[in-house]
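What follows is a set of notes on a single structure, which appears directly below.
The values are calculated or read from the model by the stated rules, or taken from the named source; none is laboratory data. Nothing here was measured: the structure is a model prediction, and the numbers come from that model. Cβ coordinates were reconstructed from backbone atoms using ideal geometry, including for glycine residues, and neighbour counts include every protein chain displayed.
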Amino acid sequence: MSPILQGILTIIIGVGGCVGYFYLSNIVLDRFIFPPRKDDQGRNIARATAVRPWLFLMPAILALGLYLVYPVLGSFLRSLYNRSGNEFIGLGNYVQMFSEHGFRVALFNNFLWVLFVPAASTFFGLLVAQLTDRLRWGSIAKSLIFMPMAISFVGASLIWKFVYAVDPNIGIINAVRDYFGLAAIDPLQIPFWNNFFVMIIMVWMQTGFAMVILSAALRGIPEETIEAAIIDGANPFQIFFRIKIPQIAGTIAVVWTTITFLTLKVFDIVYTMTGGNFDTEILPSYMMSYMFRDDGRATAVAFVIMLIVTPVMIYNIRQARKEL
Amino acid sequence: MDNIAGHKSSLSLVTNLAVLFLVVVWLIPTVGLLVSSFRDREQISETGWWAAMFPVESAVRTRPEPEGVRQDGDYYVLEGNVFEAGSGSVSGFGLTGRDPGAADVGETFAWYEVEVTEEDGELDDKRIEIAYPADGEPEFPEATEDGLPITPGSAVLQRSLTVAENGDFAYINDGEISRAPSLYVVTKQPPDFGWQNYRQILTSDGMDRAFINTLTVTVPATVIPILIAAFAAYALAWMDFPGRGWLVAAVVGLLVVPLQLALVPMLTLHNKIGIGQSFLGIWLAHTGFGLPLAVYLLRNYMMGLPRDIIESAKVDGATDFQVFTKIVLPLSFPALASFAIFQFLWTWNDLLVAKVFLPSNSESWVMTVKIADDLLGSRGGDWGILAAAAFVSIAVPLVVFFAMQKYLVRGLLAGSVK
């Protein structure tokens, strides 16, 4: 069967199944299990009301439990076994991993990514948000800077591979160097700095996100505070740094952490740009290099990533509990 | 206030320029690849995309068939046109690949054998190359490039080539012309834009198949989680039951669980229950991975719906199911659209989940896998093809992005600003 047909069929079955489930389960609940008949009408309506939320929630709970909760446990257990999964080796995978150069490089590079990408994206996002705030063509400018967000990491990597190409007739960086009489370089092979050339792609893509959120936050600042500052003789820079920034600090933090999480998950860019060569490996791409080869090691790396995000996860849950 | 007003106007110019600069920097990479995707492959390697609007000079070797050779005294003459396709513009030509543009059009380029006097006084034969106006006579130098004196009047023509701008050439050789001679011409080709790269990847390189696969993955993986999430979000927003708070907190927590954790256990499970690596597997996986954001976004939005509408409907005897389908769902359209765009972009652009949950044979490659695992390796230097492939894969997301930007922005704001 061709995949298109299969896809159409899946949509029909999937959507029909979902709608059918919700519709029929409600009918079954109201008419057959707890029918509101004369003698126990009130009690049965109350019972049905108590059960109904779980009907609505069931598919979501099943899917979430299976695809996100179970794997946390499943991955951890798997990481305690050896490559073929038949021998329990405790923390052997972790011990082995931390003693290897490749893993330490990936960990260090990931550290660089987490420092640089959110900082640079938030900085540029804030810069553009502020600069375009009162600009007549601001929305066009923002939309163009936001555009890379729609592009896949693979597509973006290809776009930047073209920029970094060594041939001065192809790569614009080497074309500029060539114009000034400098020798061609391969940005992806310069030790240490190649990491930053790869990170630039992520910054290029995430700046738009930071910009959109921060731009809305800047718009939300009460006019009076700015007017008061102007009357007091503050210059534009003072207004920006002393009045605006403190009022959107919370939003900056949210943007920063969101990009940080994304940075911890993205393997596509490194995979496409360098394949992890030239010491550019990061944890997600390091994990993928073990996927299909050594499940024990792969799950151990995944669990290390999980451990890194856990503190923020706990913080998020606490915040959510507080709001309820 | 005056100085502030003054500041503003000078600052506004700086602001405009700074934004313009940033926009240009942000666009250059994409524009470069877009322009290249329409260029001829030969031209891409000759000049940068920034020079794409100018004619490209490139040296080509032609080997005209030795047909219609006529004898002229001791020499053999071959005449014809260097352009097989018929038209073009020659700017230079030569007889060796080392110097393919040795002579300009309107000149004759010739090899002569001359007699030279070596440093030790011996006489020797040497070949010299000269270019001279086609309607004139060659002027022989007094010495070779090495500084050896040439005996006047000793020059004997070996071969010569004359090429006109339109490509007509005359090739003269001192021996019989039995094999095709190698002639070099530098041609000025007009900028060559077209759909040829796109045509190639979509017909012979299998990108069409990958496109369909991507579409097949994306649509169910976008539609199904919305449905499931909408019901769950309604329950979490408007129904009262014990444990609701904990469920909401769990959803918030699951938002940040790294996808990587699920890969090994879920693939193992899929294999165990017989789904294996398949489209069904990836639909289920995308549904699971997309749900936390979907539930979170939709619940936040539904919480903001006016309470009186929902309560008065309930007072009028509407069941929760009716309230949901008749009131909440239509009112939540903006949030549904926001999430649909997110999930669509995410699944369309995904590489990781596709690599793990889809079979690794080429019939099941989605576009990202096709580009990253196949084209970048096998067509590494062929930028025209790579660029076209990239744009085939990002065209749909870009259209969706620009058409539905309003909803995307709204969704982003709902998702991260509290």
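Please specify each residue of segment A:210-221 satisfying the condition of being out of contact with any Phe, Trp or Tyr (no Cβ under 8 Å at 6 or more places or on another chain) and either assigned to a helix (DSSP H, G or I) or at positive phi (or both).
Within segment A:210-221, the first condition is being out of contact with any Phe, Trp or Tyr (no Cβ under 8 Å at 6 or more places or on another chain), and the residues that meet it are A:213-221.
Those that are out of contact with any Phe, Trp or Tyr (no Cβ under 8 Å at 6 or more places or on another chain) and either assigned to a helix (DSSP H, G or I) or at positive phi (or both): A:I213, A:L214, A:S215, A:A216, A:A217, A:L218, A:R219.
Being small (G, A, S), free of Cβ contacts under 8 Å to residues at least 60 places away in the same chain and surrounded by 12 or more Cβ atoms within 10 Å (Cβ to Cβ), is that true of even one residue in segment B:134-141?
At the first step, the residues of segment B:134-141 found to be small (G, A, S) are B:134, B:136.
Applying the additional criterion that residues be free of Cβ contacts under 8 Å to residues at least 60 places away in the same chain yields B:134, B:136.
Then drop every residue that is not surrounded by 12 or more Cβ atoms within 10 Å (Cβ to Cβ), which leaves B:134.
Within segment B:134-141 (the criterion being small (G, A, S), free of Cβ contacts under 8 Å to residues at least 60 places away in the same chain and surrounded by 12 or more Cβ atoms within 10 Å (Cβ to Cβ)), the answer is yes, since at least one residue qualifies.
Can you pull out every residue in segment B:42-89 that is in a loop (DSSP other than H, G, I, E, B), touching a Lys or Arg at 6+ places or on another chain (Cβ under 8 Å) and of a type in the set (A, V, I, L, M)?
The answer is B:A52, and nothing else.
Inspect all residues belonging to segment B:376-384 and state whether any of them is crowded, with 23+ Cβ neighbours inside 10 Å, in contact with a Phe, Trp or Tyr (Cβ under 6 Å, 6 or more places away or on another chain) and in the same structural domain as B:W283 (by TED's automatic domain parsing). Before the answer, list the steps.
The initial filter retains those residues of segment B:376-384 that are crowded, with 23+ Cβ neighbours inside 10 Å, namely B:383-384.
Right, trim to in contact with a Phe, Trp or Tyr (Cβ under 6 Å, 6 or more places away or on another chain) and you get none.
The answer is no, given that none of the residues of segment B:376-384 is crowded, with 23+ Cβ neighbours inside 10 Å, in contact with a Phe, Trp or Tyr (Cβ under 6 Å, 6 or more places away or on another chain) and in the same structural domain as B:W283 (by TED's automatic domain parsing).
Would you mind finding the one in B:T203, B:T187, B:T216 that is under 41 Å from the mean Cα position of the chain (by Cα) and within 30 Å of B:S332 (Cβ to Cβ)?
On inspection, the qualifying residue turns out to be B:T216.
Hey, can you tell me all the residues within segment A:304-324 that are within 7 Å of another protein chain (Cβ to nearest Cβ) and in contact (Cβ under 8 Å) with a residue 12 or more places away in the chain?
Pass one, segment A:304-324, residues within 7 Å of another protein chain (Cβ to nearest Cβ): A:305-306, A:309, A:312-313, A:316-317, A:320-321, A:324.
Those that are within 7 Å of another protein chain (Cβ to nearest Cβ) and in contact (Cβ under 8 Å) with a residue 12 or more places away in the chain: A:I305, A:M306, A:V309, A:V312.
Give the residue, chosen from B:I201, B:I224, B:I177, that is of a type in the set (V, I, T) and in a loop (DSSP other than H, G, I, E, B).
Working: B:I201 fails: in a loop (DSSP other than H, G, I, E, B); B:I224 fails: in a loop (DSSP other than H, G, I, E, B).
Residue meeting the stated conditions: B:I177.
Tell me, which helices (runs of 4 or more DSSP H) lie completely within segment A:102-201 with 3 or more residues that are within 29 Å of A:V255 (Cβ to Cβ), assigned by TED's automatic domain parsing to the domain that holds A:L214 and of a type outside the set (S, T, Y)? Before you say what the answer is, go through the steps one by one.
On the way: elements: A:138-146, A:153-164, A:172-179.
In segment A:102-201, the matching helices (runs of 4 or more DSSP H) lie at A:138-146, A:153-164.
Can you find a residue in segment A:72-83 that is of a type outside the set (A, V, I, L, M, F, W, C), closer than 30 Å to A:N195 by Cβ and in a loop (DSSP other than H, G, I, E, B)?
Yes; the residues of segment A:72-83 include at least one that is of a type outside the set (A, V, I, L, M, F, W, C), closer than 30 Å to A:N195 by Cβ and in a loop (DSSP other than H, G, I, E, B).
How many residues, within segment B:224-241, are crowded, with 24+ Cβ neighbours inside 10 Å, within 7 Å of chain A (Cβ to nearest Cβ) and more than 40 Å from the chain's Cα centre (by Cα)? Show your work before the answer.
Here is the first cut: in segment B:224-241, the residues crowded, with 24+ Cβ neighbours inside 10 Å are B:224-225, B:228-236.
Among the residues that remain, those that are also within 7 Å of chain A (Cβ to nearest Cβ) are: B:224, B:228-229, B:231-232, B:234-235.
Narrowing further to those that are more than 40 Å from the chain's Cα centre (by Cα): B:231-232, B:234-235.
Qualifying residue count, segment B:224-241: 4.
So is A:S75 outside the structural domain of A:D294 (by TED's automatic domain parsing), in contact (Cβ under 8 Å) with a residue 40 or more places away in the chain and either of a type in the set (A, V, I, L, M) or over 30 Å from B:D320 (Cα atoms) (or both) or not? Spell out how you get there, then give the answer.
Values: outside the structural domain of A:D294 (by TED's automatic domain parsing): yes; in contact (Cβ under 8 Å) with a residue 40 or more places away in the chain: yes; either of a type in the set (A, V, I, L, M) or over 30 Å from B:D320 (Cα atoms) (or both): yes.
The answer is yes for A:S75.
Taking the options B:L263, B:L259, B:L267, name whichever one is within 19 Å of A:T310 (Cα to Cα), at pLDDT 90 or above and under 33 Å from the mean Cα position of the chain (by Cα). Let's see the steps before the verdict.
Working: B:L259 fails: at pLDDT 90 or above; B:L267 fails: within 19 Å of A:T310 (Cα to Cα).
Result of the check over B:L263, B:L259, B:L267: B:L263.
Counting only residues that are modelled with pLDDT under 90 and under 22 Å from the mean Cα position of the chain (by Cα), give me the helices (runs of 4 or more DSSP H) lying completely in segment B:336-418 with at least 1 of them. Before you say what the answer is, go through the steps one by one.
Values: elements: B:352-357, B:383-403, B:405-416.
Result: B:383-403.
Before we move on, is B:L215 out of contact with any Leu (no Cβ under 7 Å at 6 or more places or on another chain), part of a helix (DSSP H, G or I) and closer than 30 Å to A:F292 by Cβ?
Working: out of contact with any Leu (no Cβ under 7 Å at 6 or more places or on another chain): yes; part of a helix (DSSP H, G or I): yes; closer than 30 Å to A:F292 by Cβ: yes.
Yes.
For (1) more than 10 Å from every other protein chain (Cβ to nearest Cβ); (2) touching a residue at least 24 places away in the same chain (Cβ under 8 Å); (3) of a type in the set (K, R), each residue gets a yes or a no:
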{"site": "B:G317", "(1), (2), (3)": "yes, no, no"}
{"site": "B:Q322", "(1), (2), (3)": "no, no, no"}
{"site": "B:F342", "(1), (2), (3)": "yes, yes, no"}
{"site": "B:T347", "(1), (2), (3)": "yes, yes, no"}
{"site": "B:E363", "(1), (2), (3)": "no, yes, no"}
{"site": "B:D373", "(1), (2), (3)": "no, no, no"}
{"site": "B:I385", "(1), (2), (3)": "yes, yes, no"}
{"site": "B:V400", "(1), (2), (3)": "no, yes, no"}
{"site": "B:K406", "(1), (2), (3)": "yes, no, yes"}
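Could you please let me know if A:D40 is in contact with a Phe, Trp or Tyr (Cβ under 9 Å, 6 or more places away or on another chain), away from chain B (no Cβ under 12 Å) and either acidic (D, E) or within 25 Å of B:T325 (Cα to Cα) (or both)? Lay out the reasoning, then the answer.
On the way: in contact with a Phe, Trp or Tyr (Cβ under 9 Å, 6 or more places away or on another chain): yes; away from chain B (no Cβ under 12 Å): yes; either acidic (D, E) or within 25 Å of B:T325 (Cα to Cα) (or both): yes.
Spelling it out, A:D40 is indeed in contact with a Phe, Trp or Tyr (Cβ under 9 Å, 6 or more places away or on another chain), away from chain B (no Cβ under 12 Å) and either acidic (D, E) or within 25 Å of B:T325 (Cα to Cα) (or both).
So that you can scan it fast, the table gives a plain yes or no per residue for (1) of a type outside the set (A, V, I, L, M); (2) under 21 Å from the mean Cα position of the chain (by Cα):
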position: A:Y94; (1), (2): yes, no
position: A:E100; (1), (2): yes, no
position: A:T122; (1), (2): yes, yes
position: A:L135; (1), (2): no, no
position: A:S143; (1), (2): yes, yes
position: A:V154; (1), (2): no, yes
position: A:W160; (1), (2): yes, yes
position: A:D167; (1), (2): yes, no
position: A:R177; (1), (2): yes, no
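Looking at B:E118, B:E122, can you tell me which residue is in contact with a Leu (Cβ under 8 Å, 6 or more places away or on another chain) and at pLDDT below 85?
Numbers: B:E122 fails: in contact with a Leu (Cβ under 8 Å, 6 or more places away or on another chain).
Going through B:E118, B:E122 in turn, the sole match is B:E118.
Identify, from the list B:G194, B:G175, the residue that is in contact with an Asp or Glu (Cβ under 9 Å, 6 or more places away or on another chain) and away from every other protein chain (no Cβ under 14 Å).
On the way: B:G175 fails: in contact with an Asp or Glu (Cβ under 9 Å, 6 or more places away or on another chain).
Being in contact with an Asp or Glu (Cβ under 9 Å, 6 or more places away or on another chain) and away from every other protein chain (no Cβ under 14 Å) holds for just one of B:G194, B:G175, which is B:G194.
Confirm whether A:G20 is more than 10 Å from chain B (Cβ to nearest Cβ) and either assigned to a helix (DSSP H, G or I) or within 30 Å of the chain's Cα centre (by Cα) (or both). Steps first, answer last, please.
Working: more than 10 Å from chain B (Cβ to nearest Cβ): yes; either assigned to a helix (DSSP H, G or I) or within 30 Å of the chain's Cα centre (by Cα) (or both): yes.
Yes; evaluated as a whole, the condition is true for this residue.
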